[in-house]
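Asker: Before I ask anything, here is the structure I am working with.
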Amino acid sequence: MRYFIILIISISLFNSCSNSAAEVPIEFFKDESIPLEEKIQKVLDNSYLKTLGFDDSQSEWLQKHYEKNSFKPHWINDSMFIESGLKIKETLSHSMWFGIPENRISFSKKANLNWVEEEIMLTAKTAMVLNDLNSGFLNITDKKYKVKKFVSSGNFDSTLAMNENRSFDELFLQQRLTDTNYQFIASQLYIFCKSYPLDKNTFDIETIKNDSIHTIPKATKALISKGYLKGNSKDSLLFVKALKIFQGHNGLKKDGVVGKYTAWALNESTYDKVLRAAFVMDKLRTAIKYPSKCVRINLPEYVLRFYANDSLKQIHNIVIGKTENQTPQLESTIRKIVVYPYWTIPQSIASKEVLPAAKRSAGYFAKNNYRIYRNDVEINPFSVNWDKIKKGTFPYKIIQDPGPKNSLGIIKFEFYNDFSVYVHDSPAKSLFKTDIRSYSHGCMRCENPVDLGKVILDYDSVGRKRNDLTRDSLDTLINRAENFVIQLKKPIPIYVEYNTVYADREKLIFHLDIYKRDEEYLKIMKE
């Protein structure tokens, strides 16, 4: 019994000691006779920091940082926030402007922090945001947040020292990569967020042909919520003007009409759009360093860019896969330019599209310059009983001859990949004039591809040895109208990417998440 009582007393004393730091009475913080440095020291006790939501690594950083600075505060005095404290609070309150999600900078669920706790919390949040702006916050492969880490104490101090001449907003904006794309998005996102409210409202605008009775009022409400229209204006001219500005911000044709894709963009909250920008910025933070010569394709933007000597040489509109035939993201190298290519029709297309047409008429093959093969032996399509072939199967190989009707057009850029997709010409030129260009079976159709081929040949060399074929040679081959394969001297890296937000020096564009590939990441950034 005696030993039991001793054990109970020991446990009680242990618990009292371990909880003492966390149970500091408020009078302690209000006592003006106690130096502020001592109060900060008390909060920096391990058990106290745990109640504020900090893990062991974060606690160690805070303790070492303040100890190095003799426990002097950054943001407060004995009873209130000083000017720097008020300014950093304001900057952190709009972390989304810098591409940092709101839920990322929360640590403690404790309500009503006292001003000493606020001191520690502001330091932690600032140190973490600075780290995230440089190193990123998402593990994109595992689809989850990275562990919260703080920037080095030295970098933290040097950044704060610059606050004498610059605002915290400016300091956060300076924490950015040298990558031009990242810089443009960071700058333009900040400007956009200062100009338009981050509404979290979603809408259910549906477009019905020739119906404006329900569509226009809902679209008006959405434009007001997003800050494009002021008040309940019923002025049709103001509505059209506001809608055109909104369409421009969303990569859509500025026609002032609430069509299918404009309704899609209006239905999405601005908050989600900005989160998509944050996601793109985070991908750019961890992106590879692109070679000085390469082709980069951004699918949601429907654009191909060719770079040489680290500068943009050519830009082309492209058509990408339908939502049911999505173009994949990939990395490869362009090794060949094929003039007047043959097209081997994939089995999936043959079974779904060619077979029904063949059942209607075997003349379909000659009409489209298709040749049909069984075991590499060409056969007559009229010799096949097409009605006996089951739906979803196709036991033959089909090759389309080169020519103006060929689905690959007159030129193809070939690169190895597991998806059998390429960049190629297209006889359907009108599709390049649409704003949402999602029509193909997965390949990327390129507008004015001959121009791209010429520029690629201009820069195709190894050392001083240039490709024997020039841009004039390409014209000659095209005029000859025969199949010809051009081997590149030096293969060109190609990157097919999926970034739904784009910016340049003048504008920020939120492209539609056409394949809905951002959604699961947005969920992480909103939970």
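Asker: Which pairs, out of LYS148/LYS283; LYS322/LYS523; LYS89/LYS110; LYS253/LYS412; LYS336/LYS516; LYS221/LYS273, put more than 21 Å between their alpha-carbon atoms?
Answerer: Working: LYS148/LYS283 17 Å; LYS322/LYS523 24 Å; LYS89/LYS110 17 Å; LYS253/LYS412 29 Å; LYS336/LYS516 32 Å; LYS221/LYS273 18 Å.
Beyond 21 Å between Cα atoms: LYS322/LYS523; LYS253/LYS412; LYS336/LYS516.
Asker: To continue, here is another question. Quick one: if the Förster radius is 22 Å, what FRET efficiency do ASN103 and ASN139 give, using the C-beta to C-beta distance and rounding to 0.05?
Answerer: On the way: r = 16 Å, r/R0 = 0.71.
My answer for the efficiency is 0.90.
Asker: Please list 3J(HN,Hα) in residue order for segment 463-476, calculated via the Karplus relation 6.51 cos²θ - 1.76 cosθ + 1.60 where θ = phi - 60°; whole Hz, with x for glycine and proline.
Answerer: Values, residue by residue: x, 8, 8, 9, 5, 5, 8, 10, 4, 5, 4, 5, 4, 4 Hz.
Asker: OK, next. Multiplying the sequence separation of ARG335 and LYS391 by 0.36 nm and subtracting their Cα-Cα distance, what value in nm do you get? Kindly include the intermediate steps, with their values, before the conclusion.
Answerer: Working: separation 56, 0.36 × 56 = 20.16 nm, distance 3.69 nm.
Fully extending the segment from ARG335 to LYS391 adds 16.5 nm.
Asker: Rounded to the nearest 500, what is the 222 nm mean residue ellipticity of the chain from helices alone, with -39500 (n - 2.57) per DSSP H run of 4+ residues and division by all residues? Can you show the working numbers first?
Answerer: Working: 19 runs with 202 residues, N = 527.
Helices in the chain give a 222 nm mean residue ellipticity of -11500 deg cm²/dmol.
Asker: For ALA481 and ILE216 in the same chain, what is the full-extension length gain: residue separation times 0.36 nm, less their Cα-Cα distance, in nm? Display every interim value, and only then the final one.
Answerer: On the way: separation 265, 0.36 × 265 = 95.40 nm, distance 5.15 nm.
Stretched out fully, the ALA481 to ILE216 stretch lengthens by 90.2 nm.
Asker: Follow-up question, since we're still on this one. Report the GluC sites (Glu not before Pro) located in segment 323-384 that are in a DSSP loop and have at most 10 other Cβ atoms inside 10 Å of their Cβ, or state none. Present the calculation step by step, with values, prior to reporting the outcome.
Answerer: On the way: sites: GLU324, GLU331, GLU353, GLU378; in loops: GLU324.
Counting only loop positions with at most 10 other Cβ atoms within 10 Å, the GluC sites (Glu not before Pro) in segment 323-384 are GLU324.
Asker: Got a sec? Which residues in segment 68-89 would a label at ASP157 touch, if it sits 7 Å along Cα→Cβ and we count backbone N under 17 Å?
Answerer: Those under the cut-off are 68-75.
Asker: So if R0 is 35 Å, what FRET efficiency would ILE82 and LYS526 give, r being the distance between their Cβ atoms, rounded to the nearest 0.05? Provide the component values of the computation, followed by the final result.
Answerer: Details: r = 33 Å, r/R0 = 0.96.
Computed FRET efficiency for ILE82 and LYS526 comes out at 0.55.
Asker: What's the Cα-based Rg to Rh of segment 22-175, Rh via Kirkwood? Please list the in-between numbers first.
Answerer: Details: Rg = 15.3 Å, Rh = 16.1 Å.
Dividing the radius of gyration by the Kirkwood radius yields 0.95.
Asker: Compute the FRET efficiency between GLU32 and SER57 as 1/(1 + (r/R0)^6), taking r as their Cβ-Cβ distance and R0 = 30 Å, and round to the nearest 0.05.
Answerer: Values: r = 34 Å, r/R0 = 1.13.
So the FRET efficiency works out to roughly 0.30.
Asker: Please list 448-458, 426-436 highest first by mean number of surrounding beta-carbon atoms within 10 Å per residue.
Answerer: Numbers: 448-458: 19.4, 426-436: 14.5.
So the peptides 448-458, 426-436, ranked by packing, come out 448-458, 426-436.
Asker: How far, in nm, would the chain grow between LYS313 and ASN201 when pulled straight, counting 0.36 nm per residue and subtracting the alpha carbon separation?
Answerer: Numbers: separation 112, 0.36 × 112 = 40.32 nm, distance 4.08 nm.
Computed gain between LYS313 and ASN201 is 36.2 nm.
Asker: Also, I was wondering about something else. If the label point is 7 Å along Cα→Cβ of LYS72, which residues in segment 78-111 have backbone nitrogen under 16 Å from it?
Answerer: 78, 82-85
Asker: Further question: Which of rounded, prolate or oblate describes segment 346-401 when judged by the alpha-carbon gyration tensor and an a/c cut-off of 1.5? Walk me through the intermediate numbers first.
Answerer: On the way: a/c = 1.26, a/b = 1.17, b/c = 1.08.
It comes out rounded by the Cα gyration axes.
Asker: Please give every one of the aspartates and glutamates within straight-line cross-link reach of LYS226, meaning a C-alpha to C-alpha distance under 14 Å, and leave out same-chain neighbours fewer than 8 residues apart.
Answerer: Candidates past the 8-residue exclusion: ASP199, GLU268, ASP272.
Asker: Can you order the peptides 408-417, 287-296 by their average number of other Cβ atoms within 10 Å per residue, highest first?
Answerer: Details: 408-417: 20.1, 287-296: 14.5.
Answer by packing, highest mean first, reads 408-417, 287-296.
Asker: Per-residue HN-Hα couplings for segment 294-309, Karplus 6.51 cos²θ - 1.76 cosθ + 1.60 at θ = phi - 60°, whole Hz, x for Gly and Pro?
Answerer: For segment 294-309, the Karplus-derived couplings read 6, 10, 10, 10, 10, 4, x, 8, 6, 9, 10, 10, 10, 10, 9, 6 Hz, x marking Gly and Pro.
Here, each number is a calculation from the coordinates, and none is a lab measurement. Not measured: the values here are computed from a predicted model. Backbone-built Cβ (ideal geometry, glycine too); neighbour counts: all protein chains shown.
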